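Here the structure is laid out as structure tokens; the discussion comes afterwards.
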Amino acid sequence: MTTRFGRSTQSPYATAIVGIVVLFSPILLGRLVGLAGGVLFPFALALLGVGFLLEYLAWTVGFGAVALLRFDKTARP
């Protein structure tokens, strides 16, 4: 995937860390904005909702990939 974007020197660990940060950033921002309270509370709820939706999609895609790999009926070389 990194070759698609022209980056072949990036390590898989850095890719995983960047992915985790991207997934959790809306939740963290929502909690930080929620500390202010008052007028910013609806924005905090919106950020939390987006964050939980992204996390749900990531878990669903991950479990789907594992299930497809585990229950694949084609012969592997």
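The values are calculated or read from the model by the stated rules, or taken from the named source; none is laboratory data. Small disclaimer: the values here were computed from a predicted structure and weren't measured. Note that each Cβ is placed from the backbone with ideal geometry, even for glycine, and that neighbours are counted across all protein chains shown.
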* To do: Return a yes/no flag: does the range 52-64 have any residue that is modelled with pLDDT under 90, out of contact with any Asp or Glu (no Cβ under 8 Å at 6 or more places or on another chain) and hydroxyl-bearing (Ser, Thr, Tyr).
  => no
* Hey, can you tell me all the residues within the range 1-39 that are surrounded by fewer than 13 Cβ atoms within 10 Å (Cβ to Cβ), modelled with pLDDT of 90 or more and more than 14 Å from the chain's Cα centre (by Cα)? => LEU32, LEU35, VAL39
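For the range 31-62, give me each residue that is under 17 Å from VAL21 (Cα atoms) and hydrophobic (A, V, I, L, M, F, W, C). Working first, answer last.
Step one: of the range 31-62, the residues under 17 Å from VAL21 (Cα atoms) are 31-32, 47-59, 62.
LEU32, LEU47, LEU48, VAL50, PHE52, LEU53, LEU54, LEU57, ALA58, TRP59 - these are the residues of the range 31-62 that are under 17 Å from VAL21 (Cα atoms) and hydrophobic (A, V, I, L, M, F, W, C).
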